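The values are calculated or read from the model by the stated rules, or taken from the named source; none is laboratory data. Note that the coordinates shown come from a computational prediction; the quantities given were computed from them, not determined experimentally. Because the Cβ atoms are built from the backbone with ideal geometry, glycine has one as well, and the counts that use them run over all protein chains shown. Areas reflect the complete protein model, heavy atoms only, side chains present, ligands, DNA and RNA absent. Shrake-Rupley method; radii C 1.70, N 1.55, O 1.52, S 1.80 Å.
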Amino acid sequence: MAQYELPQNFFFGAAMSGPQTEGGWNTGGKLENLWDTWSNEDISSFYNRVGSYVGNDFMHHYKEDLALLKDLGLDSYRTSIQWSRLIDQDGNINPEGAAWYHELFRASREAGLEVFVNLYHFDMPTYLFRRGGWQNREVCEAYANYAAKAFEEFGQEIRYWFTFNEPIVEPEQRYWHGVWYPRHHNFQEACEVQYNISIAHALAVSRYRELYRAGKIREDARIGMICNFSPSYTKDDPSEADLEALRMNDGLTNRWWLDLVTRGKLPADVIKTLVDDLGIVLPQRPYDEAVLAGGVVDWIGCNYYQPSRVQAPSKTHDEWGNPLFAEPYIWPERVMNESRGWEIYPKGIYDFGMKCKNEYPELEWFVSENGIGIEREYLNKDPETQQVMDDYRIDFVRDHLTWVARAIADGARCVGYHYWGLIDNWSWANAFKNRYGFVEVDLMENYERRPKKSATWLKQVAETHVVA
Ligand code: BG6
């Protein structure tokens with residue numbers, strides 16, 4: 001087997017989020033967020049009726065988890081501050097929430113781990129949702145206020161800040177495709193939300209720059225955004241209509257954010273299609289161009305799980321009257337992770353690297369999430385040791401890292417890799433159905449942590465930077 005080597009200064013770590021790990025959903029002054037509200041209102045929407053309440057019990061296991069990360073040879077991890085924990089209903093710091101994050105960051109430093117802090121991971125506080133959520137411009141301003149408070153509170157501790165994780169997901173899942181609470185099927189609303197999240201991002205970056213200039217943030221800090229950039233593909237021999245499907249699919253999900261974070265603009269062709277051709281009303285205000293111009297960041301994270309394959313749609317609108325831009329294209333050679341229903345296509349990360357190199361050559365990036373969630377992993381246990389034998393996880397990560405190494409060799413500015421869910425965690429409505437970790441969490445034994453077979457492999461790669 002060919003060996004690939006990653007640069008020695010390439011960082012290795014893991015990604016997680018506050019709402020999926022912390023637990024303590026109603027302790028220490030934490031307010032309800034939409035996951036808590038959905039759990040309270042309709043627990044049957046969650047796999048095995050496991051709601052948002054406990055995460056993977058990280059608040060009780062964090063010291064052990066940080067030691068595990070370190071022991072596996074990792075140098076960094078990302079988590080998110082929960083808006084509903086850090087800020088009270090009046091927009092001020094909740095001291096108990098702040099104390100928890102100070103303690104977590106202190107313990108991480110002590111463990112020798114760099115913490116990457118994201119400010120929003122699909123976790124809108126419910127009282128703000130009741131005031132319109134991302135459809136309301138005042139909520140964008142409340143978010144910028146929250147971000148500024150976080151920068152001030154932790155500005156001397158944290159080096160790497162991110163405004164949003166996968167900002168496309170809420171417009172799509174909550175407002176357009178009806179998957180997540182409040183389960184709307186309204187493309188007009190989804191566009192409002194997508195536009196306003198872009199504004200919120202830009203406002204937060206501007207606040208960051210002001211505070212940085214005022215010396216409130218450490219000098220070596222950087223700010224970025226994390227997106228699920230799924231490279232878009234269509235058929236090998238596409239028609240005009242297939243290419244048009246590709247343009248809008250790529251435009252809404254990828255170029256929208258790439259243009260915002262590198263140029264401080266939204267892609268003109270996409271806006272034209274939305275506004276002029278489809279009559280979508282965006283909540284634009286005078287001077288928004290100047291606001292969006294503030295959204296340029298220092299680097300980005302790319303979450304990569306699967307490619308996006310599309311073709312021309314067979315009809316123009318769906319059953320709710322929303323426009324249809326594309327239909328899924330089933331590539332004849334596709335390999336699937338059947339548990340999650342996602343295609344496995346490691347070369348996609350290489351293609352993303354080349355897209356950045358060619359279209360956004362100054363942009364530095366890292367793989368901010370990549371991983372494989374498998375259902376019923378307990379069936380794969382070694383009968384004697386009871387260890388999960390997850391060779392498929394080793395294959396998955398090896399194949400992706402190989403393409404990362406090839407991308408770097410071909411000029412991609414990729415500087416690190418974070419695996420998603422090093423320790424099994426709560427996956428939104430899927431709860432604990434699909435397990436992502438290199439480390440198992442036993443829900444029947446007080447959330448006990450147990451390394452899987454893949455953990456030994458990961459340690460070797462993280463320590464040597466040789467992918468074999
Ligand atoms: C990413 C998210 O989209 O994928 C994570 O940032 C999420 O929050 C991960 O958990 C895996 O997806 P899922 O739905 O299987 O948990």
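Some points to look at:
- Among residues of the range 351-373 that are of a type in the set (Asp, Glu), those with a beta-carbon under 7 Å from a residue that is modelled with pLDDT under 95 at least six positions away or on a different chain give the pairs 351/231.
- Test: residue 418 is out of contact with any Asp or Glu (no Cβ under 7 Å at 6 or more places or on another chain) and open to solvent by less than 10 Å² (accessible area, probe 1.4 Å): no
- Verdict on residue 417 being in a helix (DSSP H, G or I) and within 16 Å of the ligand (Cβ to nearest atom): no
- Close pairs from the range 132-151: first free of Cβ contacts under 8 Å to residues at least 60 places away in the same chain and closer than 18 Å to residue 85 by Cα, partner among the hydrophobic types (A, V, I, L, M, F, W, C) and in a helix (DSSP H, G or I), Cβ under 7 Å, at least 6 apart: 142/128
- For residue 89, the criteria (1) open to solvent by 50 Å² or more (accessible area, probe 1.4 Å); (2) within 16 Å of the ligand (Cβ to nearest atom); (3) polar (S, T, N, Q) hold in every case but one, which is (2).
- Scoring residue 79 on the criteria (1) within 16 Å of the ligand (Cβ to nearest atom); (2) surrounded by fewer than 19 Cβ atoms within 10 Å (Cβ to Cβ); (3) β-branched (Val, Ile, Thr) leaves a single failure, condition (2).
- Residue within the range 293-304 that is small (Gly, Ala, Ser) and over 19 Å from residue 208 (Cβ atoms) present: no
- Residue among 375, 343, 369, 319 that is more than 29 Å from residue 258 (Cβ to Cβ) and within 16 Å of the ligand (Cβ to nearest atom): 375
- Residue tally, condition open to solvent by 70 Å² or more (accessible area, probe 1.4 Å) and either closer than 29 Å to residue 420 by Cβ or assigned to a loop (DSSP other than H, G, I, E, B) (or both), over the range 317-349: 10
- In the range 170-195, the residues that are on the phi > 0 side of the Ramachandran plot form Cβ pairs under 8 Å with partners that are surrounded by fewer than 24 Cβ atoms within 10 Å (Cβ to Cβ) and at pLDDT 95 or above, at six or more places apart or across chains, as follows: 178/184; 178/185.
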